Every structure is written in C-alpha cells, then in structure tokens.
1. How much of ARG106 can a 1.4 Å solvent probe reach, expressed as accessible area in Å² and rounded to 10?
2. Can you work out the Karplus-derived ³J(HN,Hα) for every residue in region 142-151? Use 6.51 cos²θ - 1.76 cosθ + 1.60 with θ = phi - 60°, whole Hz, and x for glycine or proline.
3. Out of residues 5 or more away from TYR73 or on other chains, whose amide H comes under 5 Å of its own, with H placed 1.01 Å from N in the peptide plane?
4. Any chance you could run the full-extension gain for VAL93 through ARG106? It's 0.36 nm times the residue separation minus the Cα-Cα distance, nm to one decimal.
5. Using a basic spin-label model with each label point 7 Å from the Cα along Cα→Cβ, how many nm lie between LEU56 and SER159?
6. Residue by residue through region 191-208, which ³J(HN,Hα) values in whole Hz follow from phi under the Karplus form 6.51 cos²θ - 1.76 cosθ + 1.60 (θ = phi - 60°), with glycine and proline marked x?
7. Let me check something: with ligands and nucleic acids excluded, how do MET124, MET48 order by accessible area (1.4 Å probe), largest to smallest?
8. Rounded if a/c is under 1.5, else prolate if a/b beats b/c, else oblate: with a ≥ b ≥ c from the C-alpha gyration tensor eigenvalues square-rooted, which is region 42-146?
Amino acid sequence: MTPPLGALRRISRDRPQPRVAGERCDLCAQPVTESHPHVVHLEGRALMCACRPCYLLFAGDADQRYRAVPDRYLRFPDVAVDGPAFDALDIPVGLAFLFRNSVQERLVAFYPGPAGATESELPMGAWDGVLAAHPALATLRPDVEALLVRRPTPGAAHSGSCHLVPIDVCYELVGTLRQGWRGFDGGSEARAALAAFFAMVDERSVDG
C-alpha cells in the first residue's frame, strides 16, 4: 500500500494547477468548495484546507504529521462547568475552548475575544481532576477536537454548557467574534453571533 505522504506527493505531481479563483486544497492545490474539510499539521499547529481525497488520506492514524479533523459534536449535559473541578483550571473568562497538543504533550486553552484568541497553558494536574470528576470528557481526541466550555457569568442568560466540537469550528468562532466585536463587551452583533453559534452546535450535538 502506498504510504499516505507518498500518495499525497503523487497527487500533487500528477494533478495540474487550478486555473480558477477561490479556495484551494493546501495539500494538492486543487479547488475546494466553500464547505470543505480540514487537516491539522501537528508540528506546525496549522489548520489546512483539504479536498475530499486528501482529507481521506489522513482520516486514520497512518501518518503522524497530519491528522484529519473529524465532524463530531457531543454535548455533556451532566458536566458542571461551574463546579470545583473547572474552577481549578483558573479559566479567567466565561468562554474558552480547550484541546490537547500531542506534540508538546500539554493542554491548551484559547479565549476568543476582540484581538483574536488568547492562548494559555493549563495545569495538567487540574485537567486530571476534571477527568476524574467527568470521565466522559476523556473521549476528546488530541489536536483535532476541542472542549468548548461556556461558564455562567453574572447577569448571563445561560446556565453554562460543555460541548466537544471539531477544532476548526472553534477557529471560525474566533474569526467571527473578532470581526463583529464592538466596545467592551462585544456589543449586540457579537452577542447575536455567539447565540447563533451555540444554537448550531447544540443542534448538531448528541449526548456524550
């Protein structure tokens, strides 16, 4: 069987360069539709657009440098995001997404905001405490899935939630909030975008 990376090189060599404008596969340069999958380059921590054939090359664990982002949405209604286990993570804001970086072997949190996403390294001991309190969260796949945590804040209209989502969806949220953020608290446009985003996530999710 041809190794995935070798097959990718063959595809890149044999296929002509596209002559149409628009988004392209970052792996073979073929045009892709607006709704296309992604793969993660693990060492560079880069999210790459992919056509369907290239995406399928990395859907398994055959290559360690690239990994396909799955399309899995889970909700965890029994996880208490305002409980002591999550308090130990010292997340300073109400909204964050967490993922496991397998190259650096650490847990990372990102906080979406007006300047993009602020990165913070989380203590592994505290994460172990979260997993002990909520074992179902151990299903999180490194690098390609994120735990989307929305903690209740004073005056918030929601009670908090915890979802497992594809990592590319989180970066889409970062871009949406950055573009629409106004003033200190984001303004009505950012709040509406956030409400629509969580409605979409909840609609696609099944109980984990």
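The values are calculated or read from the model by the stated rules, or taken from the named source; none is laboratory data. As the structure is a computational prediction, the values presented were derived from the model and not from experiment. When we count neighbours, we look across all protein chains shown, and the Cβ atoms used for this are built from the backbone with ideal geometry, even at glycine. For the accessible areas, the whole protein counts, side chains as well, though only heavy atoms, and no ligand, DNA or RNA atoms are used. Shrake-Rupley method; radii C 1.70, N 1.55, O 1.52, S 1.80 Å.
1. 40 Å²
2. Listing the rounded values in order: x, 6, 10, 10, 10, 9, 8, 10, 10, 8 Hz.
3. VAL206
4. 2.7 nm
5. Rounded to a tenth, the inter-label distance reads 4.4 nm.
6. 5, 5, 5, 5, 5, 5, 5, 5, 5, 5, 4, 5, 5, 7, 8, 10, 5, x
7. Working: MET124 60, MET48 30 Å².
Result of the area sort, largest leading: MET124, MET48.
8. Prolate, because a/c is 1.5 or more and a/b exceeds b/c.
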